[in-house]
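These notes are about the structure you will find just below.
The values are calculated or read from the model by the stated rules, or taken from the named source; none is laboratory data. This one's a predicted model, so the numbers in the text were calculated from it and none came from an experiment. Note that each Cβ is placed from the backbone with ideal geometry, even for glycine, and that neighbours are counted across all protein chains shown. Accessible surface areas use protein heavy atoms only, side chains included; no ligands, DNA or RNA. Shrake-Rupley method; radii C 1.70, N 1.55, O 1.52, S 1.80 Å.
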Amino acid sequence: MPEWFDELGEFLRIPSVSADAAHQADVRRAGDWVCDVIRSAGGEAELVDFEGQPLAVGEIRAGVDADSARTVLCYGHFDVQPPDPLELWESEPFEPEIRGEYLYGRGVADDKGQLYLMLAAARELADAGTLPVNVRFVCDGEEETGGQSVLGYLAQDDRGADVAVIFDSGMIARDVPAFNIATRGLVYFHVTLRTGERDLHSGHYGGAALNAVTALCELLASVSARDGRLAEPLRAGIRAPTADELEGWTKLPAGADELSLAGVAPMDSTAAADYYRRTFAEPALDVNGILGGSPTLEKTVLPVKAEANVSIRLAPGQEPDTIAATFTEMLRAAAPDGAVLEIELMSRADPGIVDPDSRAVALGLGAFERALGVRPVLTRSGGTLPIVAALSRLGIPTIITGFSLPDANIHSPNERLLVEYVEQGIAAARALFEEFAGL
């Protein structure tokens, strides 16, 4: 086994599922683990309860002239997605395993494994006495359920930083690293629709009484995308991609190949050709789960209650509160007569934008090229990182990158990371810390 396997494996074995209250202690244990690594490098760290959520906060000081050295703020998260469906895993989700050229386990790519790369790199330089910058770590245990506590922490933090580094993204393709200069935002809802007091006999009432599951499906379909494009009210505020960006996206892997690699059917006939515009620069509404009636037993009822989780990924330029209010108004206007509709906004996150012309990005590109032998491509991310907009408001330039691949199975069974990328990722993080001494 590689030298790092036992240590990283210990981290991955902690079932830090923030969405499950039964794992609250495990989330804290994962945060303590992060603090222990920082301390092992000679730094100081503590697990802070901030707004009821655990944050691992610490710093490893520069080996020489720490008071005048530049400060790098590293962000990652130590919580993970739930592992279900368990039957689709080929190995235990919280028992990391190397099979072939991949390391498998929940959180290995999102984001424990990638956070480990930065921790290990800072420790290596500190142990050698050559760490040229102060490295601050602010890591949260609720990114997978909103990621809001770290925003509150940064708002009251007066230390700041000269640059931030986030390893919570991926490569465009194998050995083609990327720096993300924009991320999408998010509004996430729980929707409940009630059409009566109790479930009914479908023979006595079917065809006459309002079916809650059918009504909710039709309601959500009414606000869903047509040909990949949401209704104009849900597109308000979009910052259109530049001509240079559009040209750059034509050099990325074909959208058809990306969809095929994910093992999924395209939404419509133009989805493959329009893949990058839809996932980088457009809002997207998805029903993330739906519940109602009896989907597993043969039970002939007419359900009168249905629930769904619905998310809208926001394009750069869009404002979460505006889109949330618009979505709520559209649902209420389309709800069937006689139905009781409840809409709960569960979480929100602003889109993030990074200045591609900043000196930090230029130094970061050079660092990666030195460590990996290839210069990263500047592109966007379809994902959401709530901290990016907060860092932008604080004037902290940010490097958003990572080492997961499109087939990393993030948020799915058999999550994986190339074994060779662990050492390469540590080397790239070391190079970043060294280059940022010149900011």
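When the chain is treated as a GNM with alpha-carbon contacts under 10 Å, the residue of Asp36, Asp357, Asp162 showing the greatest mean-square fluctuation is Asp357.
Take peptides 423-429, 194-200, 262-268 and line them up by average Cβ neighbours within 10 Å, highest first, as a rough protection proxy.
Details: 423-429: 22.1, 194-200: 15.7, 262-268: 12.1.
Packing proxy ranking, top to bottom: 423-429, 194-200, 262-268.
Placing one identical point scatterer on every Cα of region 317-366 and ignoring solvent, what is log10 I(q)/I(0) from the Debye formula at q = 0.13, 0.27, 0.28 Å⁻¹? Each listed q maps to, in turn, -0.53, -1.02, -1.05. Between the residues Met1, Thr192, Thr296, the greatest Cα displacement towards the positive end of the dipole of the chain, with unit charges on the Cβ of Lys, Arg, Asp and Glu, is found for Thr192. Since only Gly203, Leu405, Cys74 are under comparison, the one whose Cα sits farthest along the positive direction of the charge dipole of the chain, derived from C-beta charges on Lys, Arg, Asp and Glu, is Gly203.
Counting Lys +1, Arg +1, Asp -1, Glu -1, what net charge surrounds Met1 among other residues with beta carbon under 12 Å of its beta carbon? It would help to have the intermediate numbers written out before the result.
On the way: positive: none; negative: Glu3, Asp6, Glu7, Glu97.
Residues close to Met1 contribute a combined charge of -4.
Rounded, prolate or oblate: which fits region 290-439, taking a ≥ b ≥ c as square roots of the Cα gyration tensor eigenvalues, rounded meaning a/c under 1.5, else prolate when a/b beats b/c? Verdict is oblate for region 290-439.
Packing-based ranking of 74-82, 253-261, 321-329 yields 74-82, 321-329, 253-261, ordered from highest to lowest mean Cβ neighbour count within 10 Å.
The alpha carbon gyration tensor of region 1-123 gives principal lengths a ≥ b ≥ c with a/c of 1.5 or higher and a/b no greater than b/c, which makes the shape oblate. With all protein chains kept in place, the per residue accessible area of the chain amounts to 43 square angstrom at a probe of 1.4 angstrom.
Taking the Cα centre as origin and putting +1 on Lys and Arg beta-carbons and -1 on Asp and Glu beta-carbons, what dipole magnitude results for the chain, to the nearest 20 debye?
940 debye
First compute the accessible area of region 180-317 with a 1.4 Å probe, then give the percent of it belonging to carbon and sulfur atoms. Please report the intermediate quantities before stating the final value.
Values: 3860 of 7290 Å².
Looking at region 180-317 in its full context, I get 53 percent from C and S.
Within straight-line reach of Lys299, meaning a Cα separation under 17 Å, sit the following aspartates and glutamates at least 8 residues removed in sequence or on another chain: Asp199. The calculated 222 nm mean residue ellipticity attributable to helices in the chain amounts to -9500 deg cm²/dmol, summing -39500 (n - 2.57) over DSSP H runs of n ≥ 4 and dividing by all residues.
Answer rounded, prolate or oblate for region 291-343, using the Cα gyration tensor with square roots of eigenvalues a ≥ b ≥ c: rounded when a/c is under 1.5, else prolate when a/b is larger than b/c, else oblate. Oblate, since a/c reaches 1.5 and b/c is not below a/b.
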